[in-house]
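Please read the structure below before turning to the comments.
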Amino acid sequence: MKRSDGANVTNKLRHVVIEGAIGVGKTSLARRLAESLDGETLLERPEDNPFLDRFYAEPGRHALATQLSFLVQRTMQMQQLREGDLFRPRIVSDFLIAKDRLFAEVTLDDKEFELYEQVYRHMVSDVKHPDLVVYLQAPVGVLQERIARRGRRMERNISDEYLAALSDAYNRFFHAYEESPLLIVNASGFNPVEDDTDYQNLLDVILNMRGGRQFYNPLPAAWG
């Protein structure tokens, strides 16, 4: 690290989460941040969900199966963080387990959500909270542009309406979020993945977080 206090700060960041709506860039940023912190990544694996293709094609029909499959997958991934091992590697992940419920609220009807809620409460009751959450925000138009750029076949049918509902749900969720220190980042006009200056500025903000809630609104620059 370039900063003299970097080691002291990063020792406190054993588990960092990068969050945000589909297409905002959380996975790419998680990978780069893990490298800077000499850590490992814990990433979502949407390609392992056998229902996701069908959900994007027919959301109402396949929402419950898709959501339960993600819940099981994410809970199993979090098992490695439950042991309290002081020697486990530093982890940067691209999902917060609590956001699984956020997606369920957007996609499920009342009866389906009631069933999902019972399973959710049982499975995540002892999941540890991260040391820092970085929430990336961007408007729907920017999200759609980035989704199109990465060109995943299963994401071709994602509608503006779905992204808008998801973004609103994220904003409501993090407005009330108090379980971990939270950095809210306006990610619509900068590129911390490919631009070294943008990334270093964001990294400095992360390393200087002292708990609570903070907002970072960088000057706009071209994305990609």
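Only the coordinates and a few stated rules stand behind these numbers; no lab work does. Computed from a predicted structure; not experimentally measured. For neighbour counting, all protein chains shown are included, and Cβ atoms are generated from backbone atoms with ideal geometry for every residue, glycine included.
Just a few scattered comments:
- Basic side chains Lys and Arg get +1 at the Cβ, acidic Asp and Glu get -1 at the Cβ, and with that the dipole of the chain about its Cα centre reaches some 360 debye.
- Between residue 45 and residue 61, the simple spin-label model (points 7 angstrom out along Cα→Cβ) gives 2.7 nm.
- All alpha carbon pair distances within the stretch 6-216 were sorted into 5 Å bins beginning at 0; the resulting P(r) in whole percents reads 1, 7, 15, 19, 21, 17, 12, 6, 2, 0.
- Among 78, 21, 92 the positive-end extreme of the charge dipole of the chain (Cβ point charges): 92
- Extending 7 Å from the Cα toward the beta-carbon at both residue 171 and residue 186 defines two label points whose distance is 1.3 nm.
- The chain, relative contact order in percent, only Cα pairs under 8 angstrom and at least six apart counted: 27
- Mean Cβ neighbour count within 10 Å, used as a protection proxy, ranking 15-22, 191-198, 114-121 highest first: 15-22, 191-198, 114-121
- Folded to 0 to 90 degrees: helix 196-207 orientation relative to the chain principal axis, Cα: 90
- Listed residues 69, 199, 118: farthest to the positive end of the dipole of the chain (Cβ charges): 199
- Spin-label model, residue 217/residue 12: points 7 Å from Cα along the beta carbon direction are separated by 2.6 nm.
- Sites residue 35 and residue 197 - FRET efficiency at Förster radius 22 Å, r taken between beta-carbons, to 0.05: 0.85
- For the stretch 91-224: rounded, prolate or oblate by the Cα gyration tensor [a/c cutoff 1.5]: oblate
- Of the two radii for the stretch 53-150, the radius of gyration is 1.01 times the Kirkwood radius, both from the alpha carbons; that is the Rg over Rh value.
- Between the listed residues 140, 216, 181, the Cα displaced farthest toward the positive end of the dipole of the stretch 6-216, a dipole computed from Cβ unit charges relative to the Cα centre, is found at 181.
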